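Every number in this text was worked out from the coordinates using simple rules, so none of it is lab data. Just so you know, these numbers come straight off a predicted model, no measurement behind them. All Cβ positions, even for glycine, are placed from backbone atoms using ideal geometry, and neighbour counts span all protein chains on display.
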Amino acid sequence: MTVPGRTAGVLIPLFSFPSSSSWGIGDMSDVAPMSAWLSASGQHVLQLLPMNEMAADQQSPYSALSGMAIDPIYISVPAALDAMGLKDQVALPEEMRPELERVRHAARVEYRTVRRLKQTVLANAFEALKVANARANRDWPERFHAFLSAEDWWLRDYALFRAIHDRQGQRPWTEWPEPLARREPRALERARDELFPQVLFYCFLQWLADSQWRAARAAAAARGVAIFGDLPFMVDTDSADVWARQDQFRLDISVGAPPDAFSAEGQDWGTPMYQWEAMAADGFQWLRDRARRNAALYDGCRVDHLVGFYRTYGRPRKGGAPFFSPALESDQVRLGESILRIFSESGAQIIAEDLGTVPDYVRASLARLGIPGYRVLRWERHWHTAGQPFRDPAEYPSRSVATSGTHDTEPLATWWDSVSSDERRRVSEVPTVRQLTNGKALDGAPYEPVVRDVLLESLFASGSNLVLPVVQDLFGWRDRINDPATASDRNWTFRLPWPCDRLDEVPAARERQAMLRSWTERHNRSV
């Protein structure tokens, strides 16, 4: 589904909007009710965070053990059992049901428990299907074989990696026996034979995820809602992709970000660095594969940490000075533009997360390529003008994404609380804001609904073709999705306070829906 002209949507992670029947986390069946609410609000884009499979001890969607696989934690168990005709044969064990009730009513996502509950039932469903097939002397459904054939290009390595990972007690592949770690053909074939049931199980989970995601996409499209995904810059060292393409990654270097507004020390993500020369030698095939996979899953895609595809910031793991790769600006431009062309040619609409410490030449490059970058209200200023006034949203280029923040920023409410009255006065002086307030100054105003709505409507009035506020900012909440450069159990656990299939019963959600629809119509963002 292509998003034409001026439109708007909302950034909300899938894990954040469970329905009344979900198992403690938003899942693929919840896309339909959320899309219905967005459509009734006049919104036509649902921007998600990555759905790549995370390691069992991770809850960050940017820490992936596969650049291709959907995380099975997003499978709707009730829908899966219904589709397989197992609703009356497979159930959560009695002793685990209190845990299910607890995570369903928890204020935040409890990943470990949710994953264990779903894994238990889905493993039992897999065994039940194997038994049923054997008794009926039948093979797996034709559509399962069609999925295996169509996705073999990534599924083959991924499923074997997951099966070996289990046998090795979840140890990283760098600690596996040498023949498996170095992918000696005879060792891989022996493992594939010995672990065939486990390999098939991981294929089965991806088949379920694929089937449910296709249904979710269709439900969203029927409501006129396009789904945008998020392509993470990197995958973990302990991932199927790095294991399968070891020559294309530098395991001795840890990738991160240089010092910026989020961290005075910079950030160290612990992921390996791309071996750019090796990747270029095969035409960046793995990045082409990722682009192909994302285009199959989403209508559009946000490219995470865009600047890293121009120049990657790395730290030697054994000590030494951080550095950029490539080192020369000319090589950086050539690299970044080559990769962005690959992403653009995939067929999905591309938007670029060009935030943080980004050289001017990167934004000039985006303009040449015709790829929208981000305009975050609080950071859009005339930095080289006396007083550093805020830039009027009406001046934002049409080929851009206007937003209140990202998954990494503090909510607008928290930001407003923290800035001086002088900063608030500068916001009041922005022509679009002055028009919306009828000239009333905001320098002494607390973050009340009037201030919230003036800031939000100024985005809808902007010149940007696409507006994507963060869901917390729509309601004026102070909850964060993630606090960068911190390790916290609260990161990535935010949930809506109400089930997404009951938003129409919530006065606050109905009021926001009406306001969004009003702004969309008033500022010509109706599709």
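Listing for the model above:
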| item | result |
| --- | --- |
| Residue-by-residue Karplus 3J(HN,Hα) for the stretch 220-235, coefficients 6.51, -1.76, 1.60, Hz, glycine and proline x | 5, 4, 5, 8, x, 10, 8, 9, 9, x, 9, 8, x, 4, 9, 10 |
| Sorted by Cβ density within 10 Å, fewest first, the residues Lys130, Lys440 | Lys440, Lys130 |
| At q = 0.12, 0.20 Å⁻¹, base-10 log of I(q)/I(0) for the stretch 227-359 (Debye sum, equal scatterers on each alpha carbon) | -0.45, -1.31 |
| Computed lengthening from Ala123 to Arg104, 0.36 nm per intervening residue step minus Cα-Cα distance | 4.8 nm |
| Principal-axis tilt of helix 360-369 within the chain, Cα atoms, nearest 10 degrees | 70 |
| Those lysines that a straight Cα-Cα span of less than 28 Å connects to Lys118, excepting residues fewer than 8 apart in one chain | Lys87, Lys130 |
| Cα-centred dipole magnitude for the chain, charges only on beta-carbon of K, R (+1) and D, E (-1), debye, nearest 20 | 660 |
| Spatial separation of Cα centroids for the stretch 424-473 and the stretch 51-93, in angstrom | 40 |
| Between 0 and 90°, nearest 10: helix 507-522 axis offset from the chain longest Cα axis | 70 |
| Which label in [x] 1.00; [y] 0.94; [z] 0.97 gives the computed Rg/Rh (Cα atoms, Kirkwood Rh) | [z] |
| Amide H within-cut-off set for Thr271, under 5 Å, with H built and near neighbours excluded | Val255 |
